[in-house]
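Here is the structure we will look at.
The values are calculated or read from the model by the stated rules, or taken from the named source; none is laboratory data. Computed from a predicted model, the values in this text were never measured in an experiment. Neighbour counts run over all protein chains shown; Cβ positions are idealised from the backbone, glycine included. The accessibility values were calculated without ligands, DNA or RNA, using every heavy atom of the protein model including side chains. Shrake-Rupley method; radii C 1.70, N 1.55, O 1.52, S 1.80 Å.
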Amino acid sequence: MKLELFSDEANKIWRRAAGESVPDLLEIELPIYKKLLNFFQVGDHYYYVFNLRKLEFDLVSEEIETVLGYHPSEVTIAFLMDKMHPDDRPWFLNFESRTAGFLAQLPPDKIMKYKVRYDYRLKKSNGEYMRILHQAAIVQIDETNAVVRTLGVHTDITHLKKEGKPVMSVIGMDGDPSYLNIDVENLFIESKETLTRREKQVLTLLIEGKLSKEIGGVLNISKQTVDMHRKNMLHKNNLNTTGELIGKAIKQGWL
């Protein structure tokens, strides 16, 4: 997902969660936040305080330099979003949207009793990607129960999860129920353009039920050329059968 679109969508989600009223500024109390870190079961980590009203960090801990290689002074929301793996950006947006929906249905006295966790990849200063476990809890709400600030912790879990799709869980921190590996709606699924114009023509005719010889006649190309296009489409998308190809094309909206 392109960074500009990713940033715009993330900001929309956070602004909806933050509402419109502006409370008095909260003086950051570091000892309090450090005590809250006990909820997160951290390993190699850094933490931050995110201000949803300003869409900026009030604080980024110095440990980020050890974990990712960046100085806290250079780390902004835009900076971290740029470092997120492009393939993980749609997952991040889906998780944030799901989180906002979950919080919206909670009674006021429960809003600050949950933490959200999910994983994605961030690029370190040396160019390598690290898989981090993102954990966040609300630390300030306003009189309308809209979220003002969150405390977040990013923990290096590269050694625990080398690959695989990101997953999300919501954890009750005060005896409240937890929800593990939540099924997240793909509101921001990204369709990658992998097919050429000719391959799309062949695929359209395949969906219509035509055989390679018939497709060759329609497009004025040989059956062998049609078969080559079919083979290329399967290879580029890591698929084994024409049925799988057609199913993915319809689901992803390639045509």
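Starting from segment 193-213, keep only residues that are closer than 10 Å to His229 by Cβ, then list their pairs with residues that are open to solvent by 60 Å² or more (accessible area, probe 1.4 Å) whose Cβ atoms are within a distance under 7 Å, requiring at least 6 positions of separation or different chains.
Glu199/Asn232; Lys200/Leu255; Leu203/Leu255; Ser212/Lys223
Any idea how many residues of segment 224-252 are open to solvent by 90 Å² or more (accessible area, probe 1.4 Å), of a type in the set (Lys, Arg) and modelled with pLDDT of 90 or more?
1
Need pairs with beta-carbon distance below 7 Å; first residue outside any helix (DSSP H, G or I) and within segment 7-25, second at pLDDT below 75 and open to solvent by 40 Å² or more (accessible area, probe 1.4 Å); sequence gap 6+ or separate chains.
If the second residue must be at pLDDT below 75 and open to solvent by 40 Å² or more (accessible area, probe 1.4 Å), no pairs are left.
How about segment 158-169: which of its residues are crowded, with 20+ Cβ neighbours inside 10 Å and either within 23 Å of Phe57 (Cα to Cα) or free of Cβ contacts under 8 Å to residues at least 40 places away in the same chain (or both)? Give the derivation first.
Within segment 158-169, the first condition is being crowded, with 20+ Cβ neighbours inside 10 Å, and the residues that meet it are 166, 168.
Met168 - this is the single residue of segment 158-169 that is crowded, with 20+ Cβ neighbours inside 10 Å and either within 23 Å of Phe57 (Cα to Cα) or free of Cβ contacts under 8 Å to residues at least 40 places away in the same chain (or both).
Test each condition in (1) surrounded by 20 or more Cβ atoms within 10 Å (Cβ to Cβ); (2) modelled with pLDDT under 90; (3) over 26 Å from Glu9 (Cβ atoms) for Leu203 and report the one that comes out false.
Just one mismatch for Leu203, condition (2).
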